[in-house]
1. Step by step: first the residues of the stretch 21-77, then only those that are surrounded by 10 or more Cβ atoms within 10 Å (Cβ to Cβ) and acidic (Asp, Glu), then the one that is nearest to the chain's Cα centre (by Cα). Which residue is that?
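The values are calculated or read from the model by the stated rules, or taken from the named source; none is laboratory data. The shown structure was predicted, so the numbers you read here are calculated from the model rather than taken from an experiment. No Cβ is skipped: glycine too gets one built from the backbone with ideal geometry, and neighbour counts run over all protein chains shown.
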Amino acid sequence: MFDFSFSELIVVMVVALVVLGPERLPKVARTLGHLWGRAQRYVNGVKADIERDMAVEEFRQLQQKVQAEANAVGQSVKQMALTADEQVQQINAAVAQLSSSGPAVPANAATLSDPAAHPPPPLPDPATHMPTPATDSATALSAH
């Protein structure tokens, strides 16, 4: 913005020395230094305030995004819970309908539960039963 070359700065200092004099020049230079420092601190404070406001706005936007995502997840969970409740109600209704109509018995269930319809196979007669080498290996070994 301001562009001072070294020669221009020397000319300004010589003019200030002539106009102000050697007694007042150090006091004026100190005052100008203090004012320059205050101006820099003010500018830095404004910059920091702007940066802080921008960070707060970014955090607000992030918070809104997180809340929107949380709401979407909540809605999804509610929808899934409703679907599960509906399925449980359908299952309960089907069970109630089956229990009210009586137990469903298959046509061949009576013959399966009747022991006279399917007698067990006959056991071999122990007197005629001959030991086989595969089944009575201990007996076969003791004979030798």
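1. For the stretch 21-77, the residue satisfying everything is 69.
Residues checked against (1) modelled with pLDDT of 95 or more; (2) touching a Ser or Thr at 6+ places or on another chain (Cβ under 9 Å); (3) more than 30 Å from residue 13 (Cα to Cα):
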position	(1), (2), (3)
30	no, no, no
38	yes, no, no
42	yes, no, no
51	yes, no, yes
57	yes, no, yes
64	yes, no, yes
68	yes, no, yes
